[in-house]
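Since the structure comes first, as structure tokens, the remarks are kept for the end.
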Amino acid sequence: MDLRDQWNRLLPHAQPLGEDLLARYAEQHRHYHDQQHLTDVLQTIDELAEFAEDPDTVRLAAWFHDAIYDPQADPGENEEVSAQLAELELAAYGVAAERVEEVGRLVRLTAKHDCEPDDRNGAVLCDADLRILSLPPARYDEYAAGIRQEYGHIDDRDFARGRMSFLQTLSETRLYVTPRGHEEWEQPARDNVTREVESLGPEAARPIGGLIPVVYLGAALGAVVASSVLFGRGLGAAPKWPAGPEEVSGFPVWAPIAGTALSAGLACAWFRRSQQRLLTVPAILFTAVGMVSIGLCWWRWPAAQPGAAMSERWPYLMLASVALVLAGALLALARRLRLAPPYAQAPPRWLGVGATAVCGAVLAWVVVSAGEPFVQARLETANTVSTTTTIEPTQLPVQLDGTLAWSREVPATGAIAGTAGGVAELRSDGVVMSDAATGQIRWRYSRADVQNAASSGWRGLLVSPDGRTVAAHLPNAQYGAPAGVDLPTYAVLDAVSGKVLTEVHTDGTALAVDQNQLLVAEGNYVVAHGVSSPTHWRAQVRCNVTQGELIGDQAVVVDACGGHGAVVRGLDTKTGDQRWEADLGSRFDLSAELDPTTWVGDLAAVPDSREVSGLIWTGAAGGTLYQWSVDVSEGRIIWTTPVPGTPRPRLGSSSCDAQLAATHASLVLITCRTANDPGQPQTYDVSSLSPADGTPQWHHLLEVPAKLQKPSYPRDGFGLLPDGRVVTLMPQANGSCSPVMIGSSGVQPRPILPSTNTVPVAHSEQVTCNQPAVTVAAARPVFSDGTRLFALN
């Protein structure tokens with residue numbers, strides 16, 4: 001084919017322009033994009049002329065498509081300046097404007113060869129330009145060698161990466177658009193491309209570079225799956241707490257199934273290498289939907305409402321939205337890296353699929369697992385109201401004259417306990433601390449996701465031996481609790497300031513607390529949760545743990561099995577290692593038919609000593625309650641003594657759980673004397689023993705009306721003053737309800753004397769004995785009758 005004749009046939013009046021173009025294609029730096037390439041393109045256009053709308057316009061575009069060729073130019077730059085040259089020169093030679101515009105468009109089209117199927121002119125030019133790919137291997141190799149010569153300024157490694165990027169981009173779509181080109185040339189061209197790619201692979205570090213986009217793809221698909229799981233958790237959650245059974249719909253299984261199916265479809269599109277542009281659509285869609293969802297979650301984020309707690313629905317939906325945005329960003333990054341020269345060559349399919357699956361599974365697990373602590377922390381923050389104070393408790397002298405110090409109506413309370421910070425009240429949703437001298441509320445801690453905490457009874461409040469730390473049992477709502485989120489069931493608080501020291505989730509029962517740790521019984525395990533230190537240990541013992549105390553560097557616990565005895569053990573508070581054990585079964589004939597939690601009673605540590613005293617009920621002589629004492633330094637039982645006439649614990653409504661309390665000089669025991677018939681008055685024995693040897697100091701009998709009788713009354717209804725006297729609230733013969741002082745001088749009612757310094761709200765006739773609870777705070781008796789809290793001097 002004579003190129004001059006071809007040009008003169010197209011534009012006979014523009015011979016100078018033809019000579020200029022031939023000179024351009026003869027430049028010395030051209031080793032492939034030369035006159036031979038132009039000839040091959042023109043010949044192919046002749047073969048495909050029937051598929052073009054205007055073959056001469058296509059031929060004219062072929063003359064200009066590589067008119068300007070600089071191997072060092074940026075991608076697409078050569079095609080752009082060649083199109084501009086065509087538009088300028090052809091217009092100067094009087095070519096019709098429509099034809100000039102079409103030539104410019106066709107030249108620009110050769111930059112990426114991404115013509116549409118209905119673009120007949122473009123299809124013919126693109127197929128002609130890529131015809132070289134389908135020629136016999138020897139000719140293809142000459143073409144590849146010519147390309148390498150043109151890019152001689154680039155080292156072998158970078159050229160291999162760039163060349164593979166170009167070939168990778170070509171192979172991702174249909175190479176030939178015309179029917180003839182696709183039928184006859186497609187497969188030979190792909191064979192040639194594959195052969196060249198394999199020859200370039202080692203220079204481009206194929207196994208490493210090609211894996212990086214696959215890793216990002218796997219991460220994107222894992223984020224999609226994680227988003228679907230988090231979305232399902234959000235939909236399955238109750239809208240608020242407390243929730244009824246009908247409001248908890250459960251986890252929708254279809255959500256993760258849909259997310260997994262979508263991820264599988266995206267993976268197939270990636271590895272089939274067809275219509276790769278479609279991967280850009282879900283990347284944009286994921287990002288857009290995720291951003292909109294984040295905005296909706298932020299806008300609809302519920303505000304705190306009294307009596308209604310935030311559930312995990314909104315935190316999980318927010319996390320699902322963030323994960324979807326992450327998926328879109330990772331998918332777009334994977335697509336972009338795949339087109340970059342260093343990462344263009346794909347690894348073997350088995351390796352790519354495996355890497356995608358592993359990366360996707362790992363990221364999905366990480367995102368879902370990390371979501372639970374986020375939701376947990378968000379729920380704790382959103383549902384917790386906590387106030388603190390820097391003001392020390394009021395220090396006023398206590399006159400012990402029976403005058404009313406203060407009185408305040410309160411909601412129905414649970415347990416009350418005296419602390420260094422005042423009087424702690426366990427309410428249905430948390431703890432309130434009142435100043436023992438003035439009755440003013442010092443701080444409060446409450447959680448909206450807690451339901452009926454007051455029902456925990458006396459075990460709902462634990463106070464450290466120094467009174468400066470308090471642990472409150474705060475059970476979660478029964479329905480609507482988040483699956484997989486461990487909300488705290490115990491809050492450990494500084495009694496003076498109200499600062500939250502730690503929050504612990506456990507299904508066990510807290511035994512004791514101090515400034516260092518919270519001691520919890522979980523079956524036959526003893527668990528220590530760090531409070532002011534990270535100490536955490538878990539120790540297994542033989543039987544179920546029923547009681548425990550923290551004494552210095554030891555945790556003293558009692559574990560008992562029905563018919564298998566009971567053992568007192570000393571555990572190291574730092575490691576949980578056992579230091580000693582004392583077998584109570586060697587001293588007592590223990591019951592085999594009762595639950596150990598009923599016949600192993602209180603523990604009480606004698607202040608500023610190494611002695612712990614406890615209670616245990618045996619079946620001997622028809623049933624006897626024993627008191628015992630252990631030296632925790634040596635791990636030996638010091639003494640034991642029987643408490644005659646006591647009924648079996650928890651044997652009907654007229655029985656009781658004995659209370660054991662200690663001062664420096666006495667051990668005070670409060671228990672039932674006999675198990676009378678229901679509805680009859682009960683006789684209580686209030687006694688005091690010497691901690692050193694168990695010898696009696698004093699004891700008195702107290703008649704308790706039937707309406708006060710319940711198993712927990714000895715624990716709730718009596719308080720121990722620092723001087724060893726016991727105080728309680730008792731109905732009197734005249735129908736009034738007044739405090740009663742019990743000590744070495746006997747049982748002495750102390751009518752309440754109104755004080756001129758208080759608001760006259762609580763006269764003795766206004767005080768009821770329906771639900772009495774007593775504690776001692778700052779050496780001051782504090783009472784609750786279920787509706788009113790008041791303190792005496």
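Think of the chain as having a plus end and a minus end, set by charges on the Cβ of Lys, Arg, Asp and Glu; of Tyr525, Leu590, Thr469, Leu590 sits farthest toward the positive end of this dipole. Compared with the dominant Cα axis of the chain, that is its longest principal axis, helix 97-109 is turned about 60°. Mean sequence separation of contacting Cα pairs (under 8 Å, at least six apart), scaled by the length of the chain, corresponds to a relative contact order of 8 percent. The amide H of Leu501, built 1.01 Å from its N in the peptide plane, has Val492, Leu493, Asp494 as neighbours under 5 Å, considering only residues 5 or more places off or on other chains. If you take all other residues with their beta carbon under 12 Å from the beta carbon of Val686, and give Lys and Arg +1 and Asp and Glu -1, the sum is 0. Only the Cβ atoms of Lys and Arg (+1) and of Asp and Glu (-1) were treated as charged; on that basis the dipole of the chain about its Cα centre amounts to roughly 3280 debye. Using 0.36 nm per residue and subtracting the Cα-Cα separation, the extra length available between Thr388 and Ala97 on full extension is 96.6 nm.
To the nearest 0.05, how large is the calculated FRET efficiency for Asp583 and Ser428 if R₀ is 45 Å and r is the Cβ-Cβ distance?
Computed FRET efficiency for Asp583 and Ser428: 0.60.
Spin-label pair Val353-Glu77: with each label point 7 Å from Cα along the Cα-Cβ axis, the two points sit 4.3 nm from one another.
Scalar couplings 3J(HN,Hα) for the stretch 51-65, obtained by applying the Karplus form with A = 6.51, B = -1.76, C = 1.60 to θ = phi - 60°, are 8, 9, 6, 9, x, 5, 5, 5, 4, 5, 5, 4, 4, 9, 5 Hz; x denotes Gly and Pro.
Helices in the chain, meaning DSSP H runs of at least 4 residues, each add -39500 (n - 2.57). Divided by all residues, the mean residue ellipticity at 222 nm is -11500 deg cm²/dmol. Computed from Cα positions, the angle between helix 156-171 and the longest principal axis of the chain comes to roughly 90 degrees.
With a cut-off of at most 15 other beta carbons within 10 Å, and DSSP calling the residue loop, which trypsin sites (Lys or Arg not before Pro) in the stretch 105-169 qualify? Please list them.
Here the trypsin sites (Lys or Arg not before Pro) that fit, given the DSSP loop and packing criteria, are Lys112.
Computed from the C-beta positions of Cys561 and Cys268, the FRET efficiency with R₀ = 56 Å rounds to 0.40. Dipole magnitude for the stretch 377-454: about 180 debye, using +1 per Lys or Arg Cβ and -1 per Asp or Glu Cβ, origin at the Cα centre.
Over all other residues within a Cβ to Cβ distance under 11 Å of Arg408, the charged ones net out to -2, with Lys and Arg as +1 and Asp and Glu as -1. With the charge dipole of the chain set up from +1 on Lys and Arg Cβ and -1 on Asp and Glu Cβ about the Cα centre, the Cα lying farthest toward the positive end among the listed residues Gly328, Ile68, Gly371 is that of Gly371. In the context of the full set of protein chains, the chain has a per residue accessible area of 43 Å² (1.4 Å probe). Protein heavy-atom surface of the chain, 1.4 angstrom probe: 54% of the accessible area is carbon and sulfur, with nucleic acids and ligands not counted. Ranking Asn78, Ser690, Ile637 by how far each Cα lies toward the positive end of the dipole of the chain (charges on Cβ) leaves Ser690 at the top. Note down the net charge around Glu581, summing +1 for each Lys or Arg and -1 for each Asp or Glu among other residues with Cβ under 11 Å from its Cβ. Its environment carries a net charge of +2. Remark: accessible surface ordering of Ile68, Ile551, Ile257 (largest first) is Ile257, Ile68, Ile551, probe radius 1.4 Å.
Here the stretch 490-570 is treated with +1 on each Lys and Arg Cβ and -1 on each Asp and Glu Cβ, and its dipole about the Cα centre works out to around 160 debye. Checking [x] -0.50, -0.68, -1.16; [y] -0.38, -0.66, -1.18; [z] -0.35, -0.65, -1.36 against log10 I(q)/I(0) by the Debye sum over Cα atoms at q = 0.05, 0.07, 0.11 Å⁻¹ calculated from these atoms, the matching label is [x].
The values are calculated or read from the model by the stated rules, or taken from the named source; none is laboratory data. Predicted model only: the values in this text are computed from it and were never measured. Cβ atoms come from the backbone with ideal geometry, glycine included; neighbour counts cover every protein chain shown. Surface areas here come from the heavy atoms of the whole protein model, side chains and all, with no ligands, DNA or RNA. Shrake-Rupley method; radii C 1.70, N 1.55, O 1.52, S 1.80 Å.
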